[in-house]
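The values are calculated or read from the model by the stated rules, or taken from the named source; none is laboratory data. Just so it is clear, the structure is predicted and the values come from calculations on it, not from any experiment. When we count neighbours, we look across all protein chains shown, and the Cβ atoms used for this are built from the backbone with ideal geometry, even at glycine.
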Amino acid sequence: MGRIHRLPAEHANQIAAGEVVERPSSIVKELVENALDAGATRVVVDVEQGGTTLVRVSDDGEGMSPDDALLCLERHATSKISRFTDLSDLGTFGFRGEALPSIASVSRLLLRTRARGADEGVEVAVEGGVAPAVSPSGGAVGTTIEVRDLFFNVPARRKFLKATATESAHVSDVLLGMALARYDVTFVLTRDGRPVREHLRVGSRAERARAVMSSDGVSLVECRAERGPIRIQAMLAPPERARAGATGLSVLVNGRPVRDRQLVRAVSQAYGSVLEAGRYPLGVVWIDVPPEVVDVNVHPQKAEVRFSDSRGLFDAVTRELHASLGHAFGLPALGPHSQAPILRGPVPTLRALEGFARTAIDAQVERALMPEGNLFAQPEPAITGPQPGAVEREPLFEGRGGYGALRYVGQVRGTFLICEGEDGLYILDQHAAAERVTFERLKKSHATRGVGMQRLLVPEVVPLTPGEVAMLEENAEEVSRLGVEVRAVGDSAVAVHGVPELLVRAEPARLVRDLVAEVSRTAGRPFRGAVDLVLATMACHGSVRAGDALSADEVMALLRALDDVDFAGHCPHGRPLVMRMSFGELERKVGR
Ligand SMILES: Nc1ncnc2c1ncn2[C@@H]1O[C@H](COP(=O)(O)OP(=O)(O)O)[C@@H](O)[C@H]1O
Ligand SMILES: [Mg+2]
């Protein structure tokens, strides 16, 4: 007698459900994808208790015939592909024919549907995937699927469900991804009977991204790039909004929200040094590639994808975004947050302005250091949709040349440069501005012929550990490209013979110690990987400092230089270096 027997369908489905149905949000994802595949223009998602007791998805799509309504609950029943080769030019989210039978096998499912053109609809009720009960039903064209009591028949899985708030957060995340995938569809989410999100259909990806993220006052810049067949579109927040986790960055490949750590890293790297290592930008990136270079069938929930030339793709994403971000972040623009500090009283004195500048810049830095949190997962008290009143990020200057056109008014506390533009007051942190300029120059010369060196008349001896001395000796060539010449003196000191021309103000000993520190901070990576950081640190020491007096000519030279560099709105470590207060705002604040 053989020991092998075929599993009954409901057991096979429960097993498959282990892969497809992880938690309530996976159900939301599958059902919303089906609604979109059915041509819906409006999708309503209701969840109760984080979706553990109820997930209901209603759409106004094409609906199903009574036969299809029964068939769709069977394994590998799909209307979306008929041959395996169809996979490569898939136009739908679904193709596996696994979701509905899997969900039905671990819940109490009710499907109500009416096909376009049909006089009547049908209702199918099924518990734990067995014995479907069919009855006629009224209702509009479209489909509603209700999933109750998830895992009621699989206690072991039910135990793994998290607190309601966590499951709700996952549901919101999924809905956000779908909303970013399809700007032309209206999405509504209600939680325990209360509407919490409404994303009305809009005309473009950019609009949708703004609408979705505007609740947090984030201002996004739009980047578009193409390389070969790869098209990249992004809506990204300035570096001071970066977070310690990647939760605020959505990536979509060919219209599918995906999780891909390498893509996320590629996007982060596009920010260059303005993003501290380990921080991630906020925003959305859509990548569109020819379907034949990406495999979407590598993950049961289709959350991961595989590329035939992933290196080339990551490289394109980093480089192309870097080029447009460098331009876009020339200046941090006016957003709701930059209005935070309020000036009251009569005519603002220079001292008051200085305080204002300090608070505004500090506030931006503070935001940059905000603890990790998921923007999209925060419970929301009310509907958020496109907010017409929200302040939009507009570039401060059209194109380049804006800094050079400012009129320099004066310096306060030897730290801030007050300038007048056509539209308002500009306050720059002189050290951060100088740092950015020096950094860009160092980077440019490093990339071409190497940083120019100034020889010291009297070499300076710097004590180091033997390991550090060895590291400098091993990388002598790279070090000299940085414009630094050191020679070992015994095994625990070096003599500094030359420093970068641009940094003659810097103390040679500090420069070398910082160089060593930066390289060891990036331990394990090749020396090359630390170059940006080293240059940023060198720029910091070698530049005009807070407290340095500057002549008007020096200030103008600095402003003009800012017009020539990328990322001119931030210091190399990502701190904003300028704030603007429009005249309108100024007048309001002094009560005019
Ligand atoms: N909301 C819906 N509207 C119309 N048809 C649907 C809907 N949901 C599911 N279907 C039909 O049921 C089939 C099976 O769905 P599913 O199990 O999710 O597999 P897949 O989406 O991979 O085809 C789909 O191919 C589709 O024909
Ligand atoms: Mg499906």
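Highlighted here are the strands (runs of 3 or more DSSP E) found entirely within segment 413-477 that include at least 1 residues which are farther than 30 Å from residue 490 by Cα, assigned by TED's automatic domain parsing to the domain that holds residue 498 and not aromatic (Phe, Trp, Tyr): 416-420, 424-429.
Among all positions in segment 524-534, there is at least one residue which is under 30 Å from residue 402 (Cα atoms) and touching a Leu at 6+ places or on another chain (Cβ under 6 Å).
For segment 5-43, taking the residues that are within 16 Å of ligand 1 (Cβ to nearest atom) and free of Cβ contacts under 8 Å to residues at least 24 places away in the same chain, the one that is farthest from residue 114 (Cα to Cα) is identified as 15. Checking each residue in segment 271-281 for being crowded, with 24+ Cβ neighbours inside 10 Å and under 14 Å from the mean Cα position of the chain (by Cα) picks out 271, 281.
Which residue, of 240, 276, 304, is within 30 Å of residue 433 (Cβ to Cβ), in a loop (DSSP other than H, G, I, E, B) and among the charged types (D, E, K, R)? Testing whether each residue is within 30 Å of residue 433 (Cβ to Cβ), in a loop (DSSP other than H, G, I, E, B) and among the charged types (D, E, K, R) leaves just 276. Could you check, for segment 284-303, whether at least one of its residues is surrounded by 15 or more Cβ atoms within 10 Å (Cβ to Cβ), within 18 Å of the chain's Cα centre (by Cα), at pLDDT below 85 and closer than 22 Å to residue 535 by Cβ? No; the residues of segment 284-303 include none that is surrounded by 15 or more Cβ atoms within 10 Å (Cβ to Cβ), within 18 Å of the chain's Cα centre (by Cα), at pLDDT below 85 and closer than 22 Å to residue 535 by Cβ.
One line per residue, one yes/no per condition, for (1) touching a residue at least 12 places away in the same chain (Cβ under 8 Å); (2) away from ligand 2 (no atom under 15 Å from the Cβ); (3) outside the structural domain of residue 16 (by TED's automatic domain parsing):
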residue: 79; (1), (2), (3): no, no, no
residue: 121; (1), (2), (3): yes, yes, no
residue: 131; (1), (2), (3): no, yes, no
residue: 142; (1), (2), (3): yes, yes, no
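Only one entry in 209, 237 is more than 22 Å from residue 35 (Cα to Cα) and under 13 Å from the mean Cα position of the chain (by Cα), namely 237. If the condition is being in contact with a Pro (Cβ under 9 Å, 6 or more places away or on another chain), among the hydrophobic types (A, V, I, L, M, F, W, C) and under 25 Å from residue 19 (Cβ atoms), then segment 145-188 contributes 147, 150, 161, 169, 171, 174, 176, 178, 180, 181.
Checking each residue in segment 46-60 for being touching a helix residue (DSSP H, G or I) at 6+ places or on another chain (Cβ under 7 Å) and either within 15 Å of ligand 2 (Cβ to nearest atom) or farther than 18 Å from residue 148 by Cα (or both) picks out 55, 57, 59. Give segment 95-114 a look and list any residue that's near ligand 1 (Cβ under 8 Å from one of its atoms) and small (Gly, Ala, Ser), or say none. 97, 99, 102, listed by residue number. In the set (1) assigned by TED's automatic domain parsing to the domain that holds residue 160; (2) more than 30 Å from the chain's Cα centre (by Cα); (3) of a type outside the set (A, V, I, L, M, F, W, C); (4) away from ligand 1 (no atom under 12 Å from the Cβ), the condition left unmet by residue 2 is number (1).
Only residues that are surrounded by fewer than 17 Cβ atoms within 10 Å (Cβ to Cβ), touching a strand residue (DSSP E or B) at 6+ places or on another chain (Cβ under 9 Å) and in a helix (DSSP H, G or I) were counted across segment 557-584, and they come to 2.
Looking only at residues in segment 12-34 that are hydrophobic (A, V, I, L, M, F, W, C), over 27 Å from the mean Cα position of the chain (by Cα) and within 16 Å of ligand 2 (Cβ to nearest atom), the one that is surrounded by the most Cβ atoms within 10 Å (Cβ to Cβ) is 17. Within the span defined as segment 208-221, one or more residues are touching a strand residue (DSSP E or B) at 6+ places or on another chain (Cβ under 8 Å), assigned to a strand (DSSP E or B), closer than 24 Å to residue 577 by Cα and in contact (Cβ under 8 Å) with a residue 12 or more places away in the chain. Across segment 95-117, the qualifying residues are those that are more than 25 Å from residue 12 (Cβ to Cβ) and modelled with pLDDT of 95 or more, and the one among them that is farthest from ligand 2 (Cβ to nearest atom) is 114. Is there a residue in segment 123-130 that is away from ligand 1 (no atom under 16 Å from the Cβ) and surrounded by 22 or more Cβ atoms within 10 Å (Cβ to Cβ)? No, there is no match, as no residue in segment 123-130 is away from ligand 1 (no atom under 16 Å from the Cβ) and surrounded by 22 or more Cβ atoms within 10 Å (Cβ to Cβ). Filter segment 44-94 down to residues that are near ligand 1 (Cβ under 9 Å from one of its atoms), of a type in the set (A, V, I, L, M) and in contact with a strand residue (DSSP E or B) (Cβ under 8 Å, 6 or more places away or on another chain) and give me whichever is modelled with the lowest pLDDT. Among residues in segment 44-94 that are near ligand 1 (Cβ under 9 Å from one of its atoms), of a type in the set (A, V, I, L, M) and in contact with a strand residue (DSSP E or B) (Cβ under 8 Å, 6 or more places away or on another chain), the one modelled with the lowest pLDDT is 73. Scanning segment 35-52 for residues that are surrounded by fewer than 23 Cβ atoms within 10 Å (Cβ to Cβ) and either among the charged types (D, E, K, R) or on the phi > 0 side of the Ramachandran plot (or both) returns 37, 39, 42, 46, 48, 49.
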